[in-house]
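Each remark here refers to the structure printed beneath this line.
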Amino acid sequence: MSRILTVAGAQLGPIAKAETRAEVVERLLVLMKEAKRHDADLIVYPELALTTFFPRWFMEDEAELDAYYETEMPSAETAPLFAEAKRLGMAFVLGYAERDGDKRFNTAILVENGEIVLKYRKVHLPGHAEHEPWRAFQHLEKRYFEVGNLGFPVTHAVGANVGLAICNDRRWPETYRVMGLQDVELIALGYNTPLHNPPAPVHDALGLHHNTLVMQSGAYQNATFVVGIAKCGVEEGVMQIGGSQIIAPSGETIAQATTLEDELIVARCDLDLCTSYKSSVFNFAAHRRPEAYDLITSRTGAIPPAKKA
Ligand code: CDV
């Protein structure tokens, strides 16, 4: 007997700075209702899905910055999303900026039966902490968020072992492996990835390639489905890549977006497809050699070997 989970990915086109939470939630609801018509059990929204990608601006006014964060979830504006998901019997993953006391996080939650059953706070924060006017646009995640303090938790929900990640996390093999070691079967992640990378513009032409490369590798090497969903298109003058996709444990993409707009992708994910990988080539208990991996947790930056005289 197979275990089928029907998963929808709700790619979002740009969210303008002037767009209100209520207007954005309305867009999310349209996609949720479409997902229901495809019998989806779970819908995945992108990173920071309630506002424009605000780390592109340097802000000194704390009140201006605070306007982008949620202090409660659900709030009056997001409550309709929780209510509709419960009514439709659908779980969802939502990325948003979270303010918890004086701490700010880039957060994602998994909501099932209208309740938050898993919370993740982004660990790998890209960009910079100070204003860098030479850039065409800023990427101030290191200024506006603290490093996530919840690790990479995996929970059993929607009939699967589910984990969450956010955008830049997808480029790091450690993200997937820590969840792989919790027997993860589905990793949901959202992203906002500018096409132009100011410190390394030579990478710009490879943005979609790198996006697919890291998510397919993470899926295969950890025997899990990966659902990677973009907020994309030209948002406040900055082009962000699309390429939203659902990837099987084989590493094959089984559903992919073709636009840079609000677009739903759907895949029937047979969770039992994880088993042959988890029990053979990636049978961790049989084949991993953690005694040889000491540097993974004891060293952060690369140190080259000493040069021979
Ligand atoms: N939101 C992100 O984490 N974006 C990064 C960009 C800045 C490289 C990413 O890894 O896609």
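What to note about this one:
- Whichever residue in the range 175-186 is closer than 26 Å to residue 232 by Cβ and either out of contact with any Phe, Trp or Tyr (no Cβ under 6 Å at 6 or more places or on another chain) or in a helix (DSSP H, G or I) (or both) and, among such residues, is nearest to the ligand (Cβ to nearest atom): 175
- Subset tally (residues that are open to solvent by less than 40 Å² (accessible area, probe 1.4 Å) and either over 26 Å from residue 193 (Cα atoms) or touching a strand residue (DSSP E or B) at 6+ places or on another chain (Cβ under 8 Å) (or both)) for the range 234-281: 21
- With respect to the stated conditions, residue 150 is surrounded by fewer than 22 Cβ atoms within 10 Å (Cβ to Cβ), in contact with a strand residue (DSSP E or B) (Cβ under 6 Å, 6 or more places away or on another chain) and not basic (Lys, Arg).
- Cβ-Cβ distances below 6 Å connect the following pairs, each with a first residue in the range 209-224 that is closer than 10 Å to residue 249 by Cβ, a second residue that is aromatic (Phe, Trp, Tyr), and a separation of six or more residues or different chains: 222/176; 223/277; 223/282.
- Filtering the range 180-220 to residues that are open to solvent by less than 30 Å² (accessible area, probe 1.4 Å) and touching a Gly at 6+ places or on another chain (Cβ under 7 Å) leaves 184, 187, 189, 190, 191, 193, 211, 215, 219.
- Against the conditions (1) more than 19 Å from residue 50 (Cβ to Cβ); (2) open to solvent by 30 Å² or more (accessible area, probe 1.4 Å); (3) more than 10 Å from the ligand (Cβ to nearest atom), residue 127 satisfies every one except (3).
- Yes/no for residue 155 being assigned to a helix (DSSP H, G or I) and either modelled with pLDDT under 95 or surrounded by fewer than 20 Cβ atoms within 10 Å (Cβ to Cβ) (or both): no
- Only listed residue being modelled with pLDDT of 95 or more, away from the ligand (no atom under 16 Å from the Cβ) and in a strand (DSSP E or B), chosen from 118, 150, 189: 118
- Taken over the range 1-17, residues that are over 26 Å from residue 224 (Cβ atoms) and buried (at least 16 other Cβ atoms within 10 Å of the Cβ) amount to 3.
- At least 1 residues being over 23 Å from residue 168 (Cβ atoms) and within 26 Å of the chain's Cα centre (by Cα) is the threshold, and among the strands (runs of 3 or more DSSP E) wholly inside the range 211-309 those reaching it are 253-256, 263-270.
- In summary, residue 177 fulfils each of the numbered conditions (1) under 13 Å from residue 163 (Cα atoms); (2) open to solvent by 80 Å² or more (accessible area, probe 1.4 Å) with the single exception of condition (2).
- Options 156, 203; residue that is free of Cβ contacts under 8 Å to residues at least 24 places away in the same chain and away from the ligand (no atom under 13 Å from the Cβ): 156
The values are calculated or read from the model by the stated rules, or taken from the named source; none is laboratory data. Just so it is clear, the model here is predicted, and its values are computed rather than measured. We place every Cβ from the backbone using ideal geometry, glycine too, and count neighbours over all the protein chains shown. Keep in mind that these areas ignore ligands, DNA and RNA; they rest on the heavy atoms of the full protein, side chains included. Shrake-Rupley method; radii C 1.70, N 1.55, O 1.52, S 1.80 Å.
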